[in-house]
Structure formats: structure tokens, C-alpha cells
Amino acid sequence: MTTPFAPRDPSDVTRLVEAYPLCWIVTGGGADRLATPLPLLPETDSEGSVQSLLGHIPRAHPQSVAVASDPRASILCLGPQGYISPRLVSNPTWGPTWNYAACRFEVEIQFVPDETDSALSRLAEALEGREAGAWKPDRMGERYEVLKKRIVAFRAHVRETHARFKLGQDENDLTFGEIVDAHADPVLADWMRRARG
């Protein structure tokens with residue numbers, strides 16, 4: 001059953017990760033639980049659905065050791081979010097809420113050391129862009145080779161995707177319009193308009 005807060009299209013989830021690439025990688029459980037924020041790049045199929053997430057991590061990081069023994073992980077991505085105050089709407093019985101777009105991926109992580117150069121270049125291009133003057137890793141000179149040895153690229157293969165885009169889709173037209181017109185965060189308002197269709 002489709003909920004009112006499901007993404008309209010698989011590419012919406014891809015857009016979320018592209019716009020908010022810093023995601024939490026969570027491994028283990030109980031006393032062994034580890035959580036690390038890392039920037040990730042979505043890799044998609046022909047329909048725009050996220051199939052894997054590419055990133056890198058320090059080789060000496062405790063989570064690298066944990067993943068080597070158990071590659072299963074959850075990746076949490078939080079996109080635009082914000083409080084929606086009743087002061088924004090004319091209906092006196094309307095209550096406050098919080099709007100957000102978020103996704104949880106259940107993944108298996110595979111280290112891909114041969115792709116470390118490529119992963120770093122692709123991340124730099126995604127964050128810097130391609131225009132003249134955009135920073136590239138080779139500008140670091142010899143220091144790049146030294147630092148590169150301390151990290152390793154990984155690909156997180158997506159096994160399940162759980163996305164929730166709670167962006168006012170269940171509001172009536174009047175209330176929705178009042179919120180997006182008056183909300184102080186234009187980015188959140190834009191995501192609400194897109195989710196509304």
C-alpha cells in the first residue's frame with residue numbers, strides 16, 4: 001500500500017542523497033554499535049533508483065574493522081526538514097507538525113580499494129562542480145598520495161530502501177499554500193511543492 005508520504009518516483013530518493021550527501025553509516029548492535037557521518041554518492045539504475053552508494057573511510061577507523069567482519073549496515077540520509085508552526089495557517093484548529101524528507105538504506109558494504117582514486121575524484125566533482133577553478137584532488141600534489149594510503153573506497157550495495165517524504169501532501173490546498181508561502185525556509189518549501197506534484 002502506498003502512503004501519502006512515499007516518494008513520487010525512485011529518482012526523488014536519488015535527488016535527496018545528491019542534495020544532502022552527508023549520511024550516517026550505522027553498523028553493529030548493542031555495545032558494538034558504531035555510527036559515522038560520511039559523504040556518499042548515489043549510483044543508480046536506468047530508472048533512477050539508487051542501487052549503491054559510493055564513499056570512502058579511513059582505514060584505521062573502528063568502523064572499517066567492524067565492516068570487514070560484518071558488511072551489513074544501515075545508511076541514514078536526512079534531507080530538508082523543519083518545524084511547521086500553526087501561526088502559518090488560518091485554521092485555528094490546526095496543530096503543529098514537522099516536515100522532512102528522509103531515507104534509510106539497508107546495505108552490504110564492499111571495500112573497493114582499486115576505486116579509491118575514482119571515488120575521490122567523483123566526490124570532488126559532485127561537490128565542486130565542473131566549472132573552471134573547481135578543486136580537484138591532484139592539486140594536493142605529493143600530499144594526495146600520502147593521505148590516499150590512509151583511506152579506502154567502499155560501495156554500499158542497497159538491499160532495501162525505506163524513504164519517507166513527509167512534506168505536507170496530506171494538507172488541504174489552502175493550508176498547504178499558506179505554509180509554503182510563509183515558511184522561513186525556502187528550500188523546505190520548494191521540496192514541499194515538488195512532493196505535492
Residues of the range 123-162 that turn out to be of a type in the set (Lys, Arg), surrounded by 12 or more Cβ atoms within 10 Å (Cβ to Cβ) and over 18 Å from Ile57 (Cβ atoms), as a count
1
Exactly one of (1) surrounded by 13 or more Cβ atoms within 10 Å (Cβ to Cβ); (2) within 22 Å of Gln81 (Cα to Cα) is unmet by Leu22. Its number?
(1)
Of everything in the range 179-197, what is assigned to a helix (DSSP H, G or I), touching a residue at least 24 places away in the same chain (Cβ under 8 Å) and crowded, with 17+ Cβ neighbours inside 10 Å? Give them in sequence order.
Ile179, Leu188, Trp191, Met192, Ala195
Six or more apart or on different chains, Cβ under 9 Å: which pairs go from a residue in the range 135-163 that's free of Cβ contacts under 8 Å to residues at least 24 places away in the same chain and under 16 Å from Ala124 (Cα atoms) to one that's aromatic (Phe, Trp, Tyr) and surrounded by 12 or more Cβ atoms within 10 Å (Cβ to Cβ)? Could you list them?
Pro137/Tyr144; Asp138/Tyr144
Conditions (1) over 12 Å from the mean Cα position of the chain (by Cα); (2) at pLDDT 95 or above -> Glu18 fails only (1)
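From Leu174, Leu147, grab the single residue that is part of a helix (DSSP H, G or I) and either at pLDDT 95 or above or of a type in the set (Gly, Ala, Ser) (or both).
Leu174
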Identify all residues within the range 99-125 that are small (Gly, Ala, Ser) and in contact with a Pro (Cβ under 7 Å, 6 or more places away or on another chain); write none if there are none.
Ala101, Ser121, Ala124
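Among the residues of the range 25-50, write down those that are loosely packed, with under 14 Cβ neighbours inside 10 Å and in contact with a strand residue (DSSP E or B) (Cβ under 8 Å, 6 or more places away or on another chain).
Answer for the range 25-50, where residues must be loosely packed, with under 14 Cβ neighbours inside 10 Å and in contact with a strand residue (DSSP E or B) (Cβ under 8 Å, 6 or more places away or on another chain): Arg33, Ala35, Pro37, Asp45.
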Residues that are of a type in the set (Val, Ile, Thr) and either part of a helix (DSSP H, G or I) or touching a helix residue (DSSP H, G or I) at 6+ places or on another chain (Cβ under 6 Å) (or both), drawn from the range 34-79:
Thr36, Thr44, Val50, Ile57, Val65, Val67
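Can you tell me which residue is nearest to Glu43 (Cα to Cα) among those in the range 4-33 that are part of a loop (DSSP other than H, G, I, E, B) and without any contact (Cβ under 8 Å) to a residue 40 or more places away in the chain?
Filtering first and then ranking leaves Asp9.
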Subset of the range 67-88, residues aliphatic (A, V, I, L, M) and either within 19 Å of Cys23 (Cα to Cα) or at pLDDT below 95 (or both), comes to Val67, Ala68, Ala73, Ile75, Leu76, Leu78
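The values are calculated or read from the model by the stated rules, or taken from the named source; none is laboratory data. Treat the numbers as computed from the prediction; the structure is a model and nothing was measured. With ideal geometry, Cβ positions are generated from the backbone for all residues, glycine too; neighbour counts draw on all protein chains shown.
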